[in-house]
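The structure under discussion appears below in the form of structure tokens.
The values are calculated or read from the model by the stated rules, or taken from the named source; none is laboratory data. Since this is a predicted model, take the numbers as computed values, not measurements. Cβ placement follows ideal geometry from the backbone for every residue including glycine, while neighbour counts extend to all protein chains displayed. We work out accessible area using only protein heavy atoms, side chains counted, and drop any ligands, DNA or RNA first. Shrake-Rupley method; radii C 1.70, N 1.55, O 1.52, S 1.80 Å.
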Amino acid sequence: MQLVVARIGRAHGIKGEVTVEVRTDEPELRLGPGAVLATEPAGTGPLTIETGRVHSGRLLLRFEGVRDRTAAEALRNTLLIAEVDPEELPDDPDEFYDHQLMDLDVVLADGSEIGRITEISHLPSQDLFIVERPDGSEVMIPFVEEIVTEIDLEEQRVVITPPPGLIDEGEAVIASARDAGEDGTAAAGQRKEGDA
């Protein structure tokens with residue numbers, strides 16, 4: 001099975017190094033020296049990693065045969081793809097590969113069906129499950145511990161406890177500093193008519 005593990009960014013310096021946008025939780029395993037990676041577009045690869053280092057918080061790689069800035073810049077936006085055994089699991093039991101989560105049923109704690117995972121979106125701040133509901137609509141579920149309470153690969157399901165409004169917009173609670181309190185008093189910091 002093939003997994004996208006990085007995207008090549010711009011060239012760095014004049015000796016063939018490139019920045020990479022890492023798309024794996026295991027860069028030391030997938031992007032280490034000697035790793036041979038397929039590419040998208042396929043005509044660019046395969047590429048063999050010669051060296052890797054971190055510079056100013058970014059991973060820099062140099063590939064065999066890429067010796068100057070021009071050759072490095074020609075690789076820009078290329079996806080790096082690793083061959084992964086479908087039975088292989090991440091070392092951390094709380095981590096999952098995308099292919100393990102695809103098509104899992106999403107249910108509430110009481111068993112109510114929400115839908116099934118059709119896509120996983122990796123954003124800088126967090127990952128999102130894109131869930132297709134039975135009516136064909138989609139809902140985005142943040143993949144955070146407070147919401148995703150259980151992932152059961154054997155039962156092929158994900159249990160969630162969503163906050164009000166995440167699944168059903170009619171349940172949304174809108175908090176505002178202008179909302180009046182239950183006893184009719186203004187919220188803290190609010191002035192009522194007639195206040196000086």
Length added when fully stretched, E113-A35, from 0.36 nm per residue minus Cα-Cα: 23.9 nm
Using a 1.4 Å probe on heavy atoms of the protein chains only, the accessible area for H12 in Å², nearest 10, reads 60
Distance in nm between label sites at E146 and Q100, each 7 Å beyond Cα in the beta-carbon direction? 2.5
Given R₀ = 22 Å, what would the calculated FRET efficiency be for E154 paired with D127, taking r from the Cβ atoms and rounding to 0.05? 0.50
First measure r as the distance between the Cβ atoms of R10 and E83, then evaluate 1/(1 + (r/R0)^6) with R0 = 25 Å and state the FRET efficiency to the nearest 0.05. 0.40
What's the magnitude of the charge dipole for segment 111-159 around its Cα centre, counting Lys and Arg as +1 and Asp and Glu as -1 at the beta-carbon? Answer in Debye, nearest 20. 140
Cβ-based charge dipole, segment 1-156, positive-most Cα from G32, M102, I117: G32
Just how much of S137 is accessible, in Å², when a 1.4 Å probe is used and the result is rounded to the nearest 10? 50
Could you tell me what percent of the accessible area of segment 1-73 is made up of carbon and sulfur, with a 1.4 Å probe and every protein chain present? 51
Please work out the average accessible area per residue across segment 1-42, using the 1.4 Å probe convention, and give it in Å². 52
Among T70, G43, V4 - extreme Cα towards positive end, dipole of segment 1-76, charges at beta-carbon: T70
Residue-wise HN-Hα coupling along segment 42-56, computed from phi with Karplus coefficients 6.51, -1.76, 1.60 (Hz; x: Gly, Pro): 4, x, 6, x, x, 10, 10, 6, 8, 9, x, 7, 9, 9, 6
Residues whose modelled amide H sits under 5 Å from the amide H of G45, counting only those 5 or more places away in sequence or on another chain, are T39
